[in-house]
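Chemist: Dumping the structure here so I can ask a few things about it.
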Amino acid sequence: MKKFLSLLLAAATTATLLVGCGKEPVAPPMPDVIPDINDFMVVEKVGTINGVDDVFATDAGLRSHDYDSGKYGVLSHEGLHNTGYIYEMADSLSLARFYKVATTKPTSATSATAQNCYGLIDSTGRQIIPECYADFLSTGSSRFIVAVTATVYTTVSDDNTVYTTYFGNEKSMFQGEWCVYDTTTGLIVPGVTGTTKLTPRGTWDGNYLSYKQGDRYVVVDALGNLASNEGRDYFVDGSYAVEGKVGEMFDQKGNRLFSYDLTGFIPEEMSLDRQYYIAKKRLDGTTYYAVMDKTGAIVSAQFTSYISLEGNLIKCDDAVYTFAGQKIAEGEYYLFVDDVIGQYYLLKGHGGAVKDTFQIMDKDGNLYLTGVDDDKHSANSTFDVYATKDDGETYVYCYKDKDYTIKDGSYFAPWVVKCEAANFRYDLVDTLSGDTLLSGYKSYSHIMKDEYSYYVYAEYDGGTDVYLILPNSKIAEMRAKRDALLDELIDAFQAEGITVDINKETGEMAMDASVLFGGDSAVLTDAGKDFLNRFIKVYTQVAFSDKYKGFISKTLVEGHTAPTGASLADSMPLSEERAANVMNYCLSGETGVDVSKIQGTLEAVGYGNAYPILDANGQVNMAASRRVSFKFLVSVNFL
């Protein structure tokens, strides 16, 4: 998450400030001008998944559930590679984009009882680790996974305990044997196995595994080769402090970063975004905590209780502070939404005397809403927040004064809420604009694509529609690039004397069917082949140039006929055959053009007489309606 220079400068000037956690909050000044948000959310449909019920999005992909058999299946995010309902369970493994799946196997060759045996698969159903283990533990890396044969859980940490830590938090603990898998190869890492205590951690770039061996931390590669054993601990970015060179910090390549005074602050832990260290020192029987940057400088106030970082805010006991030590929220808060349109935090308080309390603030710690709890409603000129306790954690937050009411709304994704509609259906509402983005589906789930956009899986009876929701600036960026590509194609076709009618609104590039075919035939004429030779050469050179690399995911070759009185059903075969013949010829090699870049991207579709071309008076233009069109689709990866 981006850090603001003004905040760091303010923190640097107050580095010696001591903060005793638990004091009354100091209200930060309200800014004179509240920044406006214009980046409303928009939705684009990108696919449909048919014949699969109860689809739920996870980090690994999509999980589906068959209520009749009780079994689970796995699909990719696009809904492809369906494994079918074959697993007893399919849970996304923490911090790794894999599924922990289970099949039931007898406990012995003669036993009638059975137990779940666990393995790992990816979203295509490819087996990563065979289904023969009692459980798995994440190392904090998506590459290295601990496989445990033990079946006994324990709460006592001793020399025969298997457990993992990352970012200072202990996870599940076992007693028994373990080994470490490299998920990129599906092979066990040699030499990193046994029955003694294991504390593995995935390291900075995912290519190494750090674990504790006795009182030392060692680093090995995927083949088990020793990379280093000189560190007392390795941070998640690969930096480390070296025994024998006490007081010096090195980066992952062994370059010296900075030195620190052993009587002062010593780096102990790294923030989640890898920008800072949490450092501590002991002085006269008291432990002090502060934020240290990657030069070794202390850039925050000093605290007398343990601190943690959430972006550029500091949590200490039941309060939230700026780096400068200014208390801006009190209560057991955590970041519920950590980056709202890149400008705000939404904090949620829970537990203790303060329950279900929300604070909205910008990234300099300026409060825009002091909070709302229980059944109350709080608002100002910038935000409205509603919170209820009737059905758990239902609440809504809106930007600016709205002329709409959100009924039974709950948080769905950044600035989008799910609202109850009629007949047990739900809507998704953009709380910036008030627009209803999606309506009438029976359930929704989502997975973040990047910092500002996410896939939404909207389920209906018998299938699931796949949407992409993102700020309109992203759509504007995509449309501007599409328009630029169309302009280049128009100029290139004109320069070569190729007559193509390009509609910049729809992106359709239409060619007259009479140029390609004779009469009502679907057989390409020699003139038609010559036209396609010249057309596909220009289209490939421009649309699949390095400038537009990755921009086009698919090009539809569309066949259309004129509405001469035939039914839609009767007109479909000719349109489909013409589209298929044009596509096949373009890929045949007879054009003399290297079509390797478009191989697999062309798709033929016939529309019959369903979409005629109208003239300025609204009358059907029969000649223009008889056409074959090329229309490209923008890649979701570009968005």
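Chemist: For region 562-583, give me each residue that is at positive phi and open to solvent by less than 30 Å² (accessible area, probe 1.4 Å).
Modeler: none
Chemist: Just to check your reading of the model, which residue among ALA510, ALA421 is more than 30 Å from PRO612 (Cα to Cα), out of contact with any Pro (no Cβ under 8 Å at 6 or more places or on another chain) and of a type outside the set (D, E, K, R)?
Modeler: When all the criteria are applied, what remains is ALA421.
Chemist: Keeping to region 253-284, report how many residues are open to solvent by 80 Å² or more (accessible area, probe 1.4 Å) and assigned to a loop (DSSP other than H, G, I, E, B).
Modeler: Matching residues across region 253-284 total 9.
Chemist: What number of residues within region 225-256 are at pLDDT below 70 and charged (D, E, K, R)?
Modeler: Filtering region 225-256 for residues at pLDDT below 70 gives 229-233, 242-245.
Now drop any that are not charged (D, E, K, R), which leaves 230, 232-233, 243, 245.
Residues in region 225-256 being at pLDDT below 70 and charged (D, E, K, R): 5 in total.
Chemist: Something else now. Against the condition modelled with pLDDT under 75, surrounded by fewer than 18 Cβ atoms within 10 Å (Cβ to Cβ) and touching a Ser or Thr at 6+ places or on another chain (Cβ under 9 Å), how does ASP215 come out, does it pass?
Modeler: Against the criterion (modelled with pLDDT under 75, surrounded by fewer than 18 Cβ atoms within 10 Å (Cβ to Cβ) and touching a Ser or Thr at 6+ places or on another chain (Cβ under 9 Å)), ASP215 does not qualify.
Chemist: So, of the residues in region 584-639 that are open to solvent by 60 Å² or more (accessible area, probe 1.4 Å) and of a type in the set (D, E, K, R), which turns out to be nearest to LYS529 (Cα to Cα)?
Modeler: Out of the qualifying residues, it is GLU590.
Chemist: Still on this model: Here is a check on your reading of the model: is SER439 open to solvent by 60 Å² or more (accessible area, probe 1.4 Å) and assigned to a strand (DSSP E or B)?
Modeler: yes
Chemist: Hey, another quick one. Consider SER596 carefully, then state whether it is hydroxyl-bearing (Ser, Thr, Tyr), closer than 13 Å to GLU576 by Cα and either part of a loop (DSSP other than H, G, I, E, B) or modelled with pLDDT of 85 or more (or both). Walk me through how you get there before you give the answer.
Modeler: Numbers: hydroxyl-bearing (Ser, Thr, Tyr): yes; closer than 13 Å to GLU576 by Cα: no; either part of a loop (DSSP other than H, G, I, E, B) or modelled with pLDDT of 85 or more (or both): yes.
No, not satisfied.
The values are calculated or read from the model by the stated rules, or taken from the named source; none is laboratory data. Nothing here was measured: the structure is a model prediction, and the numbers come from that model. Because the Cβ atoms are built from the backbone with ideal geometry, glycine has one as well, and the counts that use them run over all protein chains shown. Surface accessibility is based on the protein's heavy atoms, side chains included, excluding ligands, DNA and RNA. Shrake-Rupley method; radii C 1.70, N 1.55, O 1.52, S 1.80 Å.
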